[in-house]
Amino acid sequence: MDFYYFPTSSSQAAHILLHETALAHVAHHVDIFTGTMEDGQPYAQVNPNGYVPALVFPDGRLLTENVALLDWIASRAGLSPADEAGRTRQLQLLAFLSTEVHKPFVRLFFAADEGERAELRTSLVQRFGWLGLQQQGEHMLGAEFSAVDAFAYGMLRWAATHGIEVPTGLTALARRVESRTAVQAVLAIEKETPLFAA
Ligand SMILES: N[C@@H](CCC(=O)N[C@@H](CS)C(=O)NCC(=O)O)C(=O)O
């Protein structure tokens, strides 16, 4: 399997999950600003939409969209909740992170207008407040680490680096997730520093 990522981006969640589940893959660094891969070839050859993350299966099939990658990796590796309610809950929180947290962050990164930036920051604080209330134990879905924690971790890194206030329970979650061996491995590969060390 080929996996396409860019450090500091939302692709980190799937990268973490690939390491958590030990699914065999080759990771390819994409420069999303120039749209090129390590070999200089245009990334549009892989994903015509130009964004990461992406997975390409041995038969050439392309899988894009964070929610789909995270759900697929978790299911494939037996990391998804076994019961219907748990699986639906996982999808709910992945969709929330994708549409209510990830996308507003991307808008914030590129917003030229100060008023719009302030609005987005206020909304993100509210969204993280809601997310904090959804935590059901040591992790987002309960005692066990899940795909939701991988995605939440990346978004909590963005919150920390952009001064977005989050509930203390989520900071504790980020610290717990960051201490995992797979997360440390991905941070090393992506040449990123831990942010939540105790
Ligand atoms: N709909 C995609 C969006 C992913 C996305 O926005 N990726 C960003 C990095 S966080 C990216 O690669 N942007 C470069 C581009 O859009 O050209 C998903 O949910 O996976």
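For the chain, the fraction of 1.4 Å probe accessible surface lying on carbon and sulfur atoms is 54 percent. Taking label points 7 Å from Cα along the Cα-to-Cβ direction, LEU195 and ASN49 give a separation of 2.4 nm. Equivalent-ellipsoid semi-axes for region 118-190 (Cα gyration tensor, √(5λ), whole Å, largest first): 21, 16, 8. If both residues of a DSSP beta bridge must be in the chain, then about 70% of such bridges are antiparallel. Electrostatic tally near ARG157: other residues with Cβ closer than 15 Å to its Cβ, Lys and Arg +1, Asp and Glu -1, net -1. Report summary: the helix-based calculation at 222 nm, which adds -39500 (n - 2.57) for every DSSP H run with n ≥ 4 and divides by the residues of the chain, gives -15500 deg cm²/dmol. Selection among ALA111, VAL101, LEU187 by position relative to the dipole of region 82-198 gives LEU187 as farthest towards the positive end (Cβ unit charges, Cα centre). Which value, in Å² and to the nearest 10, is the accessible area of ASP31 when all protein chains are kept and the probe is 1.4 Å? Counting only protein heavy atoms, ASP31 exposes about 50 Å² to solvent. Among beta bridges identified by DSSP and lying wholly in region 2-77, the antiparallel ones come to about 70 percent. The distance separating the Cα centre of region 124-156 from that of region 1-70 comes to 23 Å.
Computed about the Cα centre, the dipole magnitude for the chain is approximately 280 debye when only Lys and Arg (+1) and Asp and Glu (-1) carry charge, each at its Cβ.
The residue list GLY78, TYR4, GLY35 was ranked by how far each Cα lies along the charge dipole of region 1-101 toward its positive end, using unit charges on Cβ atoms, and GLY78 comes out on top. Only helices reaching 27 angstrom along their own axis (Cα) with mean Kyte-Doolittle hydropathy no lower than -1.0 count here, and for the DSSP H runs of the chain these are 114-134. Overall shape of the chain was characterised from the C-alpha gyration tensor. The equivalent ellipsoid obtained from it has semi-axes of 25, 22, 16 Å, in decreasing order.
The values are calculated or read from the model by the stated rules, or taken from the named source; none is laboratory data. Predicted model, so just to flag it, every value in this text is computed and none were measured. Cβ sites come from the backbone with ideal geometry, for glycine too, and all protein chains shown count toward neighbours. Just the protein is used for accessible areas: all its heavy atoms, side chains included, with ligands, DNA and RNA removed. Shrake-Rupley method; radii C 1.70, N 1.55, O 1.52, S 1.80 Å.
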